[in-house]
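Everything on this sheet refers to the single structure shown next.
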Amino acid sequence: MKEVENLSGVSGILRPFKKYVEEANLPKNSQIVFYGCPGTCTPFVELIAYAIRSLPVEIVFVPFLNEEKAVTIKIVDNIGAQADKAPEKIDPAITVLMGGLSMENVPVTAEEAKKTVSRYPVKTVGICFVSIFEKEKWTDVIDFDMLIDTPVFAVKVFR
């Protein structure tokens, strides 16, 4: 893969993903299925879901790779996006792997993730922080169609 854009901030994550989905010209009610860690990845999936709320797609979050525990993400007026109910079925038009899956102590391997998303003949996007997919060699195993990698250079805390 080669770098095609260099952006910053939260919008640097959201805008390219929204553009990618728009350019995919998905049929109405197509699913975008996110696989990630409960708790840490969930808020990012909800943020992304809110950013693409105007698009006619269904967002599904799968904890780890356990599709039996999947939930839809719904838009709540004046709040944002939140986990809702189980989807009727898993039928992705796009799959998304969140970087949290590749962190140490997470019970998921790149090979398992690839096996899961490979069951669907669709493109796979990766969204991660601090090059975790590259550091953990997931980019050697999974052929991402697009990868959004967000460096976190500094966290400042003031008291």
Practice task
Working only within segment 57-94, note down all residues that are assigned to a strand (DSSP E or B), farther than 14 Å from Cys41 by Cβ and of a type in the set (Val, Ile, Thr).
Solution key: Val57, Thr72, Ile75, Val76, Ile94
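Matching residues to (1) in contact with a Lys or Arg (Cβ under 8 Å, 6 or more places away or on another chain); (2) touching a residue at least 40 places away in the same chain (Cβ under 8 Å); (3) crowded, with 17+ Cβ neighbours inside 10 Å; (4) within 27 Å of Pro107 (Cα to Cα):
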site: Val10; (1), (2), (3), (4): no, no, no, no
site: Asn25; (1), (2), (3), (4): no, no, no, no
site: Cys41; (1), (2), (3), (4): no, yes, yes, yes
site: Ala51; (1), (2), (3), (4): yes, no, yes, no
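Just to be sure before I move on: is Tyr35 part of a helix (DSSP H, G or I), within 16 Å of the chain's Cα centre (by Cα) and closer than 15 Å to Pro92 by Cβ in the structure I sent?
When the stated conditions are applied, Tyr35 does not pass them.
Okay, residues lined up against (1) under 20 Å from Leu147 (Cβ atoms); (2) out of contact with any strand residue (DSSP E or B) (no Cβ under 9 Å at 6 or more places or on another chain); (3) at pLDDT 95 or above:
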| position | (1), (2), (3) |
| --- | --- |
| Asn6 | yes, yes, no |
| Ile13 | yes, no, no |
| Pro16 | yes, no, no |
| Phe34 | yes, no, yes |
| Pro38 | no, no, yes |
| Glu46 | no, no, yes |
| Gln82 | no, no, yes |
| Met98 | yes, no, yes |
| Arg119 | no, yes, yes |
Handout entry: Residues satisfying the stated conditions in segment 104-137, i.e. surrounded by fewer than 17 Cβ atoms within 10 Å (Cβ to Cβ) and either within 15 Å of the chain's Cα centre (by Cα) or of a type in the set (Val, Ile, Thr) (or both)
Key = Val106, Thr109, Lys114, Val130, Ser131
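The values are calculated or read from the model by the stated rules, or taken from the named source; none is laboratory data. Being a predicted model, the structure only gives us computed values, none of them experimental. In this analysis, Cβ positions are derived from the backbone assuming ideal geometry, glycine residues included, and neighbour counts consider all displayed protein chains.
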